[in-house]
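None of the figures in this text is laboratory data; all of them are computed from the coordinates on show. Keep in mind that this is a model prediction, so the values were computed, not measured. Here the Cβ positions follow ideal geometry from the backbone for every residue, glycine too, while neighbour counts run over all protein chains shown.
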Amino acid sequence: MNYYIDFEATQFSGEIISVGCVDENGRQFYSLVQPASADTVTEFIEKLTGIRREELDAAPTANEAFACFLQWVDHGEIARFYCYGDSDAYFLDKTLAHLTDFTAQLGLCLIRSSLTDYATEIKKHFALKHSIALKKVAAHYRGQAVEQTHNSLEDALLLKEVYEKSVGETVTECPFPEYQKGVELPKVRKRIVAVKGNVRMEFSAFGKAADWVMAEQLSFGDTVNDKTKSKICSRIVNAAEKEHPYCGYDWSVENQTTA
């Protein structure tokens, strides 16, 4: 099970003050988290996140919040957590040092032990010379500017969107030339493949596969929207990763070497 997670934290001590998470099926978890000392929340953090000190005074402690988080996680499947940027691991380590509840400690350790920084994957995906902001990548896929409010749940949802649109995608030209390394992109193209009997469909990205499913395989009437497409995209990604059928097709990602 894939989980997309984000944290907001204090400016200097690095304690988590909010956690937002969404799983591949769209289930959401959000909680403010009371830091060990409210005095560590600076005016800068208040303005950046919109989280006020009085809200944190009434919020669940880290022990309470992450014990609840562990209960929320689906224990029927192996959990894989994705964050965006290297600061989230730092926030986890700093918060873990203050925990005294064993269940909460298990919750944080579960995240920490299976955490992948997807910013590094995006950097490799587009052959960039350095990391790029999440909102800039999301804006590329949406085709319009994205406002990032530094709400942990909203950022987790944004990461899920970027993951689903980038994983399995073939990139032939970097859309961020100002970030480019000046080297050629790998000459290996990925294609999303759907097979049913003698029928074989190929797509250049999961988003295009989702468009085909909505147009040809499912009937939504007037309910088709970006949220519907995101759900379909998640199910295709899940089917390809776990080798489960979806809409009667077997899904996979294949590499194709080009000249």
| Amide H to amide H, which residues 5 or more places from Tyr246 or on other chains are under 5 Å from it, using H placed in the peptide plane? | Trp251
| Which whole-Hz ³J(HN,Hα) couplings does segment 171-176 yield from phi under the Karplus relation 6.51 cos²θ - 1.76 cosθ + 1.60, θ = phi - 60°, glycine and proline marked x? | 10, 9, 9, 5, x, 10
| If packing is taken as the mean number of other Cβ atoms within 10 Å per residue, what is the order of 233-239, 42-48, highest first? | 233-239, 42-48
| Can you give the calculated 222 nm mean residue ellipticity of the chain, where each DSSP H run of n ≥ 4 adds -39,500 (n - 2.57) and the sum is split over every residue, rounded to the nearest 500 deg cm²/dmol? | -11500 deg cm²/dmol
| Which whole-Hz ³J(HN,Hα) couplings does segment 95-110 yield from phi under the Karplus relation 6.51 cos²θ - 1.76 cosθ + 1.60, θ = phi - 60°, glycine and proline marked x? | 6, 4, 5, 9, 7, 10, 8, 5, 5, 5, 4, 4, x, 5, 5, 4
| note | Residues whose modelled amide H sits under 5 Å from the amide H of Thr61, counting only those 5 or more places away in sequence or on another chain, are Gln34
| request: Could you tell me whether segment 1-168 comes out rounded, prolate or oblate from its Cα gyration tensor? Rule is a ≥ b ≥ c as square roots of the eigenvalues, rounded for a/c under 1.5, then prolate if a/b exceeds b/c, otherwise oblate. | output: oblate
| said: Just to be sure I understand the model, the point goes 7 Å from the Cα along the line to the Cβ. What's the resulting Lys124 to Cys247 distance in nm? | reply: 2.9
| Per-residue HN-Hα couplings for segment 238-246 [Karplus 6.51, -1.76, 1.60; θ = phi - 60°; Hz; x = Gly/Pro] | 4, 5, 5, 5, 9, 6, 9, x, 8
| remark: Counting sequence-distant residues (5 or more places) and residues on other chains, those with an amide H built under 5 Å from that of Ser31 are Val19
| Lys/Arg Cβ at +1, Asp/Glu Cβ at -1, dipole of the chain taken about the Cα centre: which of His75, Gln28, His125 is farthest positive-ward? | His125
| Lys/Arg +1, Asp/Glu -1 at C-beta; the chain dipole; positive extreme among Asn198, Val253, Ile236 | Asn198
